[in-house]
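Undergrad: Okay, here's the structure, questions in a sec.
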Amino acid sequence: MVELRSAMGVVSELPCHVACVMDGNGRWAAQRSLPRTAGHEAAEAAVMDIIEEARSAGIRWLSLYAFSTENWRRPAGEVDILMRLVRRAVRKHAPALHARGVRCRFLGMSDPRIPPALVRDITDLMTLTSDNRQMTLTVAFDHGGRRDIVEAARSLIRADVPAEQVTEATFARHLPYSDTPDVDLVIRTSGEQRISNFMLWQVAYAEWVFPQVLWPDFRATHLWECLDAYRSRQRRFGDVRQSTAATGEEPR
Ligand code: IPE
Ligand code: IPE
Ligand code: MG
């Protein structure tokens, strides 16, 4: 449980791990008769606003879905501009992210089509911020939940783990960034209501909210609306007893 404290004492309970499917950039641009890539460009302000709001609110884990394994199907020109925009953002915001104590990780990142210069800048950012502990920001980039599960299976086989010793806990230890806690709250903007291959293992018991707002317009006030919705949910984890509210702790 993470508590938000003020001079008045504990004022609210926050999810430990919030994950965002940042959707709607293309529609944001279309509404303005702009090319889709203008929406990706405008998304940067939302990303930085949400990182800072989440960090200052005391959310310890924030994950952002930036590029899926399926997004490679998009026109080459759009993919190319996306890669350039991500590189520009990584270089521009690295000092501020580090100064604010944000540990940055990139989940996925295995496709050889990712430009080497981008891989270098991302590696530098991860190294620079690796000792930070205020908040862990996981950017899911060239990410697919199914691929992570297949990779975990391969890793278990390579480690010669006997079948009867494969439990949910041992399996989870073979996932990338296995220290990441389960997701408590997923926010998918733009009104779309699907998972799109996002952190499939980790969202097993997440609460979901689907605000209509398109990602480039998503700001701190929208985040707080989502956090309010989360607080009103009863989490039962399959049990029938009164939920343990928004703490993410399973009933014992
Ligand atoms: C999300 O916005 C960004 C990425 C998937 C990279 P979209 O580009 O999917 O925007 P819509 O869904 O077409 O509006
Ligand atoms: C999911 O959005 C991936 C990201 C937000 C990075 P998409 O827009 O690619 O998902 P679909 O195609 O609508 O499911
Ligand atoms: Mg989309």
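Just so it is clear, none of the values below were taken in a lab; they were calculated from the coordinates. All of these numbers come straight from a predicted model, not from anything done at the bench. FYI the Cβ positions are ideal-geometry reconstructions off the backbone, even for glycines, and counts take in every protein chain you see.
Undergrad: Ranking request for peptides 144-154, 50-60: highest mean number of other beta-carbon atoms within 10 Å first, then the rest in descending order.
TA: Packing proxy ranking, top to bottom: 50-60, 144-154.
Undergrad: Here is a follow-up. Relative contact order (percent) for segment 2-231, with alpha-carbon contacts under 8 angstrom and 6 or more residues of separation?
TA: Values: 377 pairs, mean separation 63.6, N = 230.
28 percent.
Undergrad: Quick one: 3J(HN,Hα) in Hz for segment 38-47, Karplus 6.51/-1.76/1.60 with θ = phi - 60°, rounded, Gly and Pro as x.
TA: Computed from phi, the couplings for segment 38-47 are 5, x, 5, 5, 6, 5, 4, 4, 5, 4 Hz.
Undergrad: Sequence-distant or interchain residues sharing an amide H contact under 5 Å with residue 109, placed H: which?
TA: 141, 142, 143
Undergrad: Quick check on the chain: helices-only [θ] at 222 nm, where DSSP H runs of length 4 and up contribute -39,500 (n - 2.57) each and the sum goes over total residues. Nearest 500, please. All intermediate terms of the calculation are to be shown ahead of the outcome.
TA: Numbers: 7 runs with 98 residues, N = 252.
Estimated from H runs of four or more residues: -12500 deg cm²/dmol.
Undergrad: So, by mean Cβ neighbours within 10 angstrom, what's the order for 89-101, 188-200 with the highest one leading? Mind dumping the intermediate values first?
TA: Values: 89-101: 15.5, 188-200: 17.1.
Ranking, from highest mean packing down: 188-200, 89-101.
Undergrad: What residues qualify as long-range amide H neighbours of residue 186, i.e. H under 5 Å apart, gap of 5 or more or another chain, H built at 1.01 Å from N?
TA: Answer set, sorted by chain and number: 19, 207, 208, 209.
Undergrad: Further question: State whether segment 2-231 is rounded, prolate or oblate according to the following rule on the C-alpha gyration tensor (a ≥ b ≥ c being the square roots of its eigenvalues): a/c under 1.5 gives rounded; otherwise a/b larger than b/c gives prolate, and the remaining case gives oblate.
TA: Judged from the Cα gyration tensor, segment 2-231 comes out rounded (a/c under 1.5).
Undergrad: I need the phi-derived Karplus couplings for segment 179-185: 6.51 cos²θ - 1.76 cosθ + 1.60, θ = phi - 60°, integer Hz, Gly and Pro marked x.
TA: 7, 5, x, 3, 6, 8, 9
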